[in-house]
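The values are calculated or read from the model by the stated rules, or taken from the named source; none is laboratory data. These figures come from a predicted structure and were not determined experimentally. When we count neighbours, we look across all protein chains shown, and the Cβ atoms used for this are built from the backbone with ideal geometry, even at glycine. We work out accessible area using only protein heavy atoms, side chains counted, and drop any ligands, DNA or RNA first. Shrake-Rupley method; radii C 1.70, N 1.55, O 1.52, S 1.80 Å.
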Amino acid sequence: VTADISTASWTTALAKRTMELLGGSLDILVHNVGGSDITPGGTVALTDKDWRQAFEKNFFGAVRLDRALTPTVIENRGGAIVHITSVQRRNPLAGTAPYAAAKAALANYSKSLSNDLAPHGIRVNTVSPGFIETEAGKEFTNQHAAARQISIAAAREEIIESIGGIPLGQPGAPHDVGDLVAFLVSERASYLTGAEYVIDGGSTRAI
């Protein structure tokens, strides 16, 4: 089902169609929508539109999806929700302030939601990826290269350097994140809720 969950009407339509396809039963919900653009001129050059678009995509999409589908999970008396945030919620890269702020809001919201849903047997966790070479990750590298007028390889190295390096030596792959999410929604993680799991090859330093 294709939908733009940055808008309320599309999210409502998505929820309705999803329930039709699943026969009215849902017990796992993963919110993996996100993305950012680099705006030349830095944070002060960002417009209200830039901020609104980032929050619609990276924050309100999850809120709307949860609001539309969580009642069904409650009816099933148990389930799991995972929100994909980003290590940028703590360490924003240059030019991505709206994205980082939206992901920080999503992490905070997820904790509140986990407290609300725990009595219903629903677990809510967040997964915070670092530099993962998804298609969007590759596009981010391309944008950085264009903005800095450098090669793709040089841009990749600058991004790695900007996050303090990656001790494991390379960006992660999409399946690395997917395997972690699969664990969190499984019964093997039945006592895990309200937590954040960073998957970044060791680039995030202890606070």
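Picking from residues in the stretch 1-54 that are of a type in the set (A, V, I, L, M), touching a strand residue (DSSP E or B) at 6+ places or on another chain (Cβ under 9 Å) and open to solvent by 40 Å² or more (accessible area, probe 1.4 Å), the one that is farthest from residue 143 (Cα to Cα) is 28. All but one of (1) open to solvent by less than 30 Å² (accessible area, probe 1.4 Å); (2) touching a Ser or Thr at 6+ places or on another chain (Cβ under 8 Å); (3) charged (D, E, K, R) hold for residue 64; which doesn't? Exception for residue 64: condition (1). In summary, residue 191 fulfils each of the numbered conditions (1) within 18 Å of the chain's Cα centre (by Cα); (2) surrounded by fewer than 18 Cβ atoms within 10 Å (Cβ to Cβ); (3) among the hydroxyl-bearing types (Ser, Thr, Tyr) with the single exception of condition (1). Given the criteria of a type in the set (Gly, Ala, Ser), open to solvent by less than 20 Å² (accessible area, probe 1.4 Å) and farther than 30 Å from residue 164 by Cβ, does residue 78 qualify? Yes; evaluated as a whole, the condition is true for this residue.
Matching residues to (1) at pLDDT below 95; (2) aromatic (Phe, Trp, Tyr); (3) closer than 19 Å to residue 175 by Cα; (4) open to solvent by 20 Å² or more (accessible area, probe 1.4 Å):
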| position | (1), (2), (3), (4) |
| --- | --- |
| 90 | yes, no, no, yes |
| 114 | no, no, no, no |
| 122 | no, no, no, no |
| 126 | no, no, yes, no |
| 136 | yes, no, yes, yes |
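Does at least one position in the stretch 1-22 carry a residue that is among the hydroxyl-bearing types (Ser, Thr, Tyr), outside any helix (DSSP H, G or I), within 30 Å of residue 146 (Cβ to Cβ) and in contact with an Asp or Glu (Cβ under 6 Å, 6 or more places away or on another chain)? Yes; the residues of the stretch 1-22 include at least one that is among the hydroxyl-bearing types (Ser, Thr, Tyr), outside any helix (DSSP H, G or I), within 30 Å of residue 146 (Cβ to Cβ) and in contact with an Asp or Glu (Cβ under 6 Å, 6 or more places away or on another chain). Taking every residue in the stretch 152-166 that is without any contact (Cβ under 8 Å) to a residue 60 or more places away in the chain and of a type in the set (D, E, K, R) and pairing it with any residue that is open to solvent by less than 40 Å² (accessible area, probe 1.4 Å) and part of a loop (DSSP other than H, G, I, E, B), at least 6 positions away or on another chain, the pairs with Cβ-Cβ distances below 9 Å are 156/131; 156/171.
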